[in-house]
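Please read the structure below before turning to the comments.
No value in this document is a laboratory result; all are computed from the given coordinates. Remember, it's a predicted structure, so these values are computed and weren't measured experimentally. As a convention, Cβ positions derive from the backbone with ideal geometry for all residues, glycine included, and neighbour counts pool all protein chains shown.
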There are 2 protein chains.
Amino acid sequence: MSEAPRTPSGRVPGKKEDGRTARARSTRARIVTAAAELFTTAGYTTTSITAIAAKAEVSEPTVYYSFGTKRAILTTALDLAVAGDDEPIPTLERQWVRDALADPDPLGQLRRQVAGAADIYLRAAPLLDVVRSAATTDPDLAEVWAANLQQRLTVQRVFTDALARKTTLRDGLTAEAAADVALAVLSPENYNLLVAHRGWSHQQWQDWAVDALTRLLTPADGHA
Amino acid sequence: MSEAPRTPSGRVPGKKEDGRTARARSTRARIVTAAAELFTTAGYTTTSITAIAAKAEVSEPTVYYSFGTKRAILTTALDLAVAGDDEPIPTLERQWVRDALADPDPLGQLRRQVAGAADIYLRAAPLLDVVRSAATTDPDLAEVWAANLQQRLTVQRVFTDALARKTTLRDGLTAEAAADVALAVLSPENYNLLVAHRGWSHQQWQDWAVDALTRLLTPADGHA
DNA sequence: ACATTCTTATAGTGTGACTATGAAAACTCC
DNA sequence: GGAGTTTTCATAGTCACACTATAAGAATGT
């Protein structure tokens, strides 16, 4: 009953791998990628376990053996997409976050944090949308979504606190309200809306987000 | 087979009502309000027709007789909430839109259009979220959501075109891009995030939206 | 060889949207 | 007040799909 720490893909870090567990892990990977593609194109509820098994070229019981529930497949896929790798490092401890916080220039910080968010959304925005939608049908996924939102808020708070130490925020703008604004501007919903639906490029979105955060969080100085 | 125009609640305008159809309409109304409450609290998929029938105090076959599908109940509820009344008047022909377009002051226009959006979201934001979520499970609801988004985009384009005639937009900002930005700022997702989830007041959101649109769409003049 | 782990085949359960049929109940019209 | 129409209800059943149960076959480790 003792739980070993696991990477999103199911690997136990720092432990030599069996040929069996390696094969099992590759099966899991095939299932996750197949499911992610189906989820993001056809939708969560619309995608049946049967379809996932077919696309991954495994039998249906194997899917259940590997993940247990459909929900587990989605959360695994999300973790992988958000992290971008197989390391279970919290966002706040990622290097780009440290770099952004350490940047003495407020604009530099904003640029770095927008780039970081964009990097994540490039991989994970569609899946985040899937989770958000499925949250209304599955209470457990609702918790996952709530946790993700809470996490993003925490990150934004850390960023706006840092920002407030480097420059003055706009008159009457508390660090908390600034975090809320950043949360809204840098939300996956906005990214999806502008990039996926309105056809903005990844770079356009970043430029816009940096500009928007600058204009909305810091006082207007003449050099616009 | 000739279809009469109908209000969202099912009334045929300008036609004297039977006692029967009046009763039927009141049952439809009971079903819609019951369903809307359940949808927004428990979610679309989670809410069963049985539960709706129970809350509306009608039998299950009556629900099917009145609406046919679960989806039809949701779309009816959404139409009612968005319109705010029983009149099938398109958004662009509503009085507040005319007033906003006619306002010679750019800031006045922004204030009016934000107030109009806020007024709609005050009633319809939760249901819009329900539709957005359910859109991934039901292709027909996906169309409803797409139509709603398209409609909001059209409205924003009209507004930004009008704005561009009253004042200059920011350097390099086309009217189309401005509409996209307004679409994002005034999205129901942002309203839900800031008001429902982050605890902003209805008025705070409006003030913020007016300020954000001013800063993001019009050039910075010194009087900030 | 033998045990362990992974994969598969087959059959079944439970839930919930939707359909079918038919019969009461309420209302309109004559 | 009775015939016809519309609305409501009762009952039963279909179908899709997530998930479970059981057991057997295949691959790998010792």
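Tabulated values for the structure
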read-out	value
B:Ala147 being under 17 Å from B:Leu78 (Cα atoms) and of a type in the set (Gly, Ala, Ser)	yes
Single condition B:Thr41 does not satisfy, out of (1) touching a Ser or Thr at 6+ places or on another chain (Cβ under 7 Å); (2) within 23 Å of A:Ser133 (Cβ to Cβ)	(1)
Filter result (within 10 Å of another protein chain (Cβ to nearest Cβ) and surrounded by fewer than 22 Cβ atoms within 10 Å (Cβ to Cβ)) within region B:206-224	B:Trp208, B:Asp211, B:Thr214, B:Arg215, B:Leu216, B:Pro219, B:Ala220, B:Asp221, B:Gly222, B:His223, B:Ala224
A:Leu163 being more than 11 Å from chain B (Cβ to nearest Cβ), among the aliphatic types (A, V, I, L, M) and either touching a strand residue (DSSP E or B) at 6+ places or on another chain (Cβ under 7 Å) or not in a helix (DSSP H, G or I) (or both)	no
Residues of region A:186-204 classified as closer than 14 Å to A:Ile120 by Cα and more than 10 Å from chain B (Cβ to nearest Cβ), total	4
Odd one out for A:Leu183, checked against (1) facing chain B (nearest Cβ under 8 Å); (2) assigned to a helix (DSSP H, G or I); (3) farther than 21 Å from A:Asp99 by Cβ	(3)
Selection from region A:130-157 of residues that are facing chain B (nearest Cβ under 10 Å) and among the hydrophobic types (A, V, I, L, M, F, W, C)	A:Val130, A:Ala134, A:Ala135, A:Ala142, A:Ala146, A:Leu149, A:Leu153
Cβ pairs under 6 Å, 6+ apart, first in region A:61-75 and more than 13 Å from A:Ala135 (Cα to Cα), second among the charged types (D, E, K, R) and near DNA strand C (Cβ under 10 Å from one of its atoms)	A:Ser66/A:Arg28
